[in-house]
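In what follows, a structure is listed as structure tokens, so that the remarks can point back to it.
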Amino acid sequence: MQAEGDLESDRDARLAARRQAMDLLARREHARAELAAKLKKRDHDAETVEVVLDTLIDDGLLSNARYARAVVAAKSARGIGPVRIRAELAALDVADAEIESAIDEADVDWSALAESARVKRFGVALPDDFPARAKQMRFLQRRGFDADQLRAAFDD
């Protein structure tokens, strides 16, 4: 059985971790893995962090699905495509189903976004030669657009 002082120190540690988590969540949405890493970096032990994050999820204050929707909205507004968004969210351990749901729910015409990104970077005129076209396609691929979206960006 734990001593009363140990229970109190556990409660204090959880309260401190929760307070820091809430401060971080007040600024912007976070993925669970991202928030866990930040709390551990602030010297909270792994067990305390897991308990606090589970509680935040139960309270509806932390949600990977909500984070995914926020990332899709922010990245697409900056001209980033779905391939790159998927990769970035997967790197933060967001479930594939949550990623796909966020991308599908987003009111984004990815082909039009690819064309807009190309025009913003290179101008309205389509490239005349293959090297210029390849350069623009590589740019869009790095931005996270797939082959169909690339073709749409270069349609006359």
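The values are calculated or read from the model by the stated rules, or taken from the named source; none is laboratory data. Everything numeric here is computed off the predicted structure, so don't read it as measured data. Cβ sites come from the backbone with ideal geometry, for glycine too, and all protein chains shown count toward neighbours. Accessible surface is based on the protein model in full, side chains and every heavy atom, while ligands, DNA and RNA are left aside. Shrake-Rupley method; radii C 1.70, N 1.55, O 1.52, S 1.80 Å.
Tabulated data for the structure shown
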| read-out | value |
| --- | --- |
| Of all residues in segment 143-156 being modelled with pLDDT of 95 or more and part of a loop (DSSP other than H, G, I, E, B), the one that is surrounded by the most Cβ atoms within 10 Å (Cβ to Cβ) | Phe145 |
| Restricting segment 14-56 to residues that are loosely packed, with under 13 Cβ neighbours inside 10 Å and of a type in the set (A, V, I, L, M), the residue that is farthest from Asp96 (Cα to Cα) | Leu15 |
| Pick from segment 106-119, criterion farther than 12 Å from Ala153 by Cα and not β-branched (Val, Ile, Thr), ranking: most open to solvent (accessible area, probe 1.4 Å) | Asp107 |
| Residue within segment 48-63 that is modelled with pLDDT of 95 or more, in a helix (DSSP H, G or I) and among the small types (Gly, Ala, Ser) present | no |
| Residue match in segment 110-123 (condition: among the aromatic types (Phe, Trp, Tyr), more than 21 Å from Ala70 (Cβ to Cβ) and either touching a Pro at 6+ places or on another chain (Cβ under 6 Å) or outside the structural domain of Arg69 (by the TED database) (or both)) | yes |
| Any hit, segment 86-101, residues being over 15 Å from the mean Cα position of the chain (by Cα) and open to solvent by less than 50 Å² (accessible area, probe 1.4 Å) | no |
| Residue within segment 134-142 that is of a type in the set (D, E, K, R), in a helix (DSSP H, G or I), surrounded by fewer than 15 Cβ atoms within 10 Å (Cβ to Cβ) and in contact with a Pro (Cβ under 8 Å, 6 or more places away or on another chain) present | yes |
| Looking only at segment 27-47, and only at residues there that are assigned to a helix (DSSP H, G or I) and of a type in the set (A, V, I, L, M), the one that is farthest from the chain's Cα centre (by Cα) | Ala46 |
